Amino acid sequence: MVLKVIQNDNFYKAISYTSENVSLLVVIDDVTLGPALGGCRMLEFSDEKEALHHVARLAKAMTYKNAVVDLPFGGGKALIYQWNHQKSRNEIFREFADVLNYINGEYYTADDVNTTVKDMDFLRKYTKFARGVFYKGQQIPATSFGVYQAIKAASSVIFKTPNLKGINVFVQGLGKVGYSFVKLLRSEQANVFVYDIQPDIVQKSVDELGCIACTPDIVYRGTIDILSPCALGNSITKDNIQDLKVKLIAGGANNQLENPSLAQVLYDKNIVYIPDFLCNAGGVIDVDCEGENYCPEYVYRRVGIIYDKTISFLNKSKENSCPVLDIALDYVHSKLKGGK
Ligand code: NAD
């Protein structure tokens, strides 16, 4: 077993752990506002350098996310990037618990892509540093509700109404976030076009929710009002950005822009981009509400901060003639400068 601490100018610190069963990384991006909070992703990478690049970017997004909705947390993220497929999931997570105990509270983990609250429940037997709640046997869709709030707020400014009836939305990715989000959109009779690399989930959304299956190139045809990336990152790239014909981009995926400078390109094309770290902050707000008196109604009320911040940042973006991302980053950086 090898455990090493990595330090460089890009983040506060990272921990690399490798044993015969698992290779994982924890990046703690910033602890100015409190202990780092961010999910653990299970995604295979062949080498540590590539994995570190991936998780460091996600950890930075967590710093922004926790700060933008005024939570007392810094940003961090974990990535299990190689594991022995002959071993049980519990054996892998048992070692992750030891790493969390070694970090000793500077980082709290939670569920993310390819990990669930069930994994967090297992971790909690061995560590105090895992979060994520089941309520009546299910996780409440706080992240999806936050994305929905961001879209309603942005629509009230762009389309002059928060009512989504008849608006054409393309949702890319129908996992934990995307599927519940689509349910909310359909409850308002939005026209929801969907794509996922897993055809069975697409079919389920067509059968159960009345979605319309499509291919991702629908965003170039001029028929979609809102693009909502809810899969993995990098949906907006320098190669596809010029062809995009939508009015608003707001979704649950982390790191939707291949690089932040693309926000200006979208602004110049008159496409409003609501920063991903604001749209998808519902999950961390849910984590902050964890405790004995946990109550979904209270969580949803608090997730409403995403609606208010979206309106406020959009108005400032208009006043200052700059992308919403610039306004959101200014807000985050001033919080980080001020400390706790
Ligand atoms: P998930 O693993 O449950 O779902 C991801 C879905 O995307 C899967 O259905 C997968 O088949 C699909 N997918 C993968 N690549 C795709 C592609 N190229 N095109 C279309 N579909 C594709 O993950 P999730 O928890 O729903 O998270 C989705 C995104 O939201 C991730 O970027 C995650 O980091 C982010 N996020 C999640 C939460 C949360 O509460 N789960 C919170 C904040 C941010």
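The values are calculated or read from the model by the stated rules, or taken from the named source; none is laboratory data. Please read all numbers here as calculations on a predicted model, not as lab measurements. For neighbour counting, all protein chains shown are included, and Cβ atoms are generated from backbone atoms with ideal geometry for every residue, glycine included. With ligands, DNA and RNA removed, areas are computed over all heavy atoms of the protein, side chains included. Shrake-Rupley method; radii C 1.70, N 1.55, O 1.52, S 1.80 Å.
Condition first: open to solvent by 30 Å² or more (accessible area, probe 1.4 Å), within 15 Å of the ligand (Cβ to nearest atom) and part of a loop (DSSP other than H, G, I, E, B). Now tell me which residues in the range 34-54 satisfy that. Listed by number, the residues that qualify are L43, E44. Among the residues that make up the range 244-264, is at least one of them assigned to a helix (DSSP H, G or I) and either within 13 Å of the ligand (Cβ to nearest atom) or without any contact (Cβ under 8 Å) to a residue 12 or more places away in the chain (or both)? Among the residues of the range 244-264, not one is assigned to a helix (DSSP H, G or I) and either within 13 Å of the ligand (Cβ to nearest atom) or without any contact (Cβ under 8 Å) to a residue 12 or more places away in the chain (or both), which makes the answer no. Residues satisfying the criterion are present in the range 231-238 (criterion: touching a Pro at 6+ places or on another chain (Cβ under 9 Å) and assigned to a loop (DSSP other than H, G, I, E, B)). Restricting attention to the range 169-189, report how many residues are in a helix (DSSP H, G or I) and open to solvent by 50 Å² or more (accessible area, probe 1.4 Å). Qualifying residue count, the range 169-189: 4.
Could you list, in sequence order, all residues of the range 94-136 that are buried (at least 17 other Cβ atoms within 10 Å of the Cβ), among the polar types (S, T, N, Q) and under 24 Å from A253 (Cβ atoms)? Passing the criteria: T109, T115. I'm trying to understand the selection: among the residues of the range 274-314, which are open to solvent by 40 Å² or more (accessible area, probe 1.4 Å) and more than 16 Å from the ligand (Cβ to nearest atom)? Those that are open to solvent by 40 Å² or more (accessible area, probe 1.4 Å) and more than 16 Å from the ligand (Cβ to nearest atom): G291, E292, N293, C295, E297, Y298, R301, Y307, D308, I311, S312. Being touching a Leu at 6+ places or on another chain (Cβ under 6 Å), within 16 Å of the ligand (Cβ to nearest atom), more than 30 Å from H53 (Cβ to Cβ) and open to solvent by less than 30 Å² (accessible area, probe 1.4 Å) holds for only one residue in V202, V192, V219, and it is V192.
Select from the range 116-139 the residues that are in a loop (DSSP other than H, G, I, E, B) and either modelled with pLDDT of 95 or more or aromatic (F, W, Y) (or both) and list them in ascending order. Lay out the reasoning, then the answer.
Quick first cut of the range 116-139, residues in a loop (DSSP other than H, G, I, E, B) only: 116, 124-129, 131-134, 136-137, 139.
Across the range 116-139, the qualifying residues are R124, K125, Y126, T127, K128, F129, R131, F134.
Restricting attention to the range 205-216, the residues that are surrounded by 20 or more Cβ atoms within 10 Å (Cβ to Cβ) and either farther than 25 Å from I271 by Cβ or within 12 Å of the ligand (Cβ to nearest atom) (or both) total 1. Out of curiosity, is K238 farther than 28 Å from T116 by Cβ, loosely packed, with under 15 Cβ neighbours inside 10 Å and free of Cβ contacts under 8 Å to residues at least 40 places away in the same chain? For K238, the condition - farther than 28 Å from T116 by Cβ, loosely packed, with under 15 Cβ neighbours inside 10 Å and free of Cβ contacts under 8 Å to residues at least 40 places away in the same chain - is met.
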